[in-house]
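Data first, discussion second: the structure below is written as structure tokens.
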Amino acid sequence: MLKTLFAWFDERLGLTTIYHTVLDRKIPPVNWWFTLGSASLFLFTMQAATGILLTVYYVPSPDRAYDSIQYIMTGVQFGWLIRGIHHWGASLMVLVVFIHMLRTFFFGAYKFPRELTWLTGVVLLLATLGMGFTGYLLPWNQRAYWATTVGTSIAGTVPVIGPWINQVLRGGTDLSAVTLARFFSVHIWWLPVVIGGMIGIHLYMVIRLGISAIPGKDD
Ligand code: HEM
């Protein structure tokens, strides 16, 4: 019965072909360092899932943000766990993505024909750091407020366009409700869309070009 049902869908959707193309590929001899891309993908998925759950109770306004987080931690069933995973997952994702980048660099995987895989990776790294920066403000506690004050001030030291960048990030001269709304928007919409799109292109190229082999002595 299940076999017939699967065959019906397979004939129309080409599920077996997708399975062979995406998951059943030939790969050269690899080692544990090659698992870090998939680990990054897993962490991104987990951040997305826990982040979506957090938005059910989180309120992005200066007079409610802090209290809504307190409520998630103490009043919501398993709220502490969901927030804990999102909080530690953020740091772990930055670390894992960074080590994945080091792996591809030291194994020369960025060379022809994988230059575009590398370039989309650069965007992924910057967007991941952006997620950390924008997410840090959301609890709206003292640490968040002052860390973002310092962070946006540092961005303001860029020659010529610095003051403009600072103004755009803060949505004014100081941190305010506008800053919080802006960071929340970038954190839950703009950057996840960029990361999702870039991961799509990144993985398409990984599948299309195949995984590079570990460089030997002669390479
Ligand atoms: C959210 C972030 C990222 C995700 C989800 C991701 C995912 C992946 C996956 C699943 C692979 C195939 C398995 C592997 O080689 O580990 C891969 C390969 C690759 N990634 Fe990433 N990646 C990310 C960030 C980056 C960054 C920051 C760079 C470099 C700047 C990068 C450059 C590459 C390259 C060059 C390959 C090809 C490796 C090869 O063919 O040997 N990636 N990525």
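The values are calculated or read from the model by the stated rules, or taken from the named source; none is laboratory data. What you are looking at is a predicted structure, and each value in this text was computed from that prediction instead of being measured. Methodologically, a virtual Cβ is constructed for each residue, glycine included, from the backbone with ideal geometry; neighbour enumeration extends over all protein chains shown. Note: accessible area is taken over every heavy atom of the protein model, side chains too, but ligands, DNA and RNA are not part of it. Shrake-Rupley method; radii C 1.70, N 1.55, O 1.52, S 1.80 Å.
What the table shows:
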| read-out | value |
| --- | --- |
| Hits in the stretch 37-78 (condition: touching a Ser or Thr at 6+ places or on another chain (Cβ under 9 Å) and closer than 21 Å to L125 by Cα) | G37, S40, F44 |
| From the options L116, L175, residue that is assigned to a helix (DSSP H, G or I) and either aliphatic (A, V, I, L, M) or touching a Pro at 6+ places or on another chain (Cβ under 7 Å) (or both) | L116 |
| Residue that is farthest from P113 (Cα to Cα) [pool: residues in the stretch 196-219 that are open to solvent by 60 Å² or more (accessible area, probe 1.4 Å), of a type outside the set (K, R) and more than 10 Å from the ligand (Cβ to nearest atom)] | D218 |
| Residue tally, condition more than 6 Å from the ligand (Cβ to nearest atom), touching a helix residue (DSSP H, G or I) at 6+ places or on another chain (Cβ under 7 Å) and open to solvent by less than 100 Å² (accessible area, probe 1.4 Å), over the stretch 104-126 | 3 |
| Among the candidates L5, L53, L41, residue that is within 15 Å of the ligand (Cβ to nearest atom), open to solvent by 40 Å² or more (accessible area, probe 1.4 Å) and not β-branched (V, I, T) | L41 |
| Boolean, M93 is without any contact (Cβ under 8 Å) to a residue 12 or more places away in the chain, under 29 Å from L175 (Cβ atoms) and open to solvent by less than 80 Å² (accessible area, probe 1.4 Å) | no |
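Let's see how each residue does on (1) assigned to a helix (DSSP H, G or I); (2) basic (K, R):
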position	(1), (2)
K111	no, yes
T120	yes, no
G151	yes, no
P192	yes, no
I199	yes, no
A213	no, no
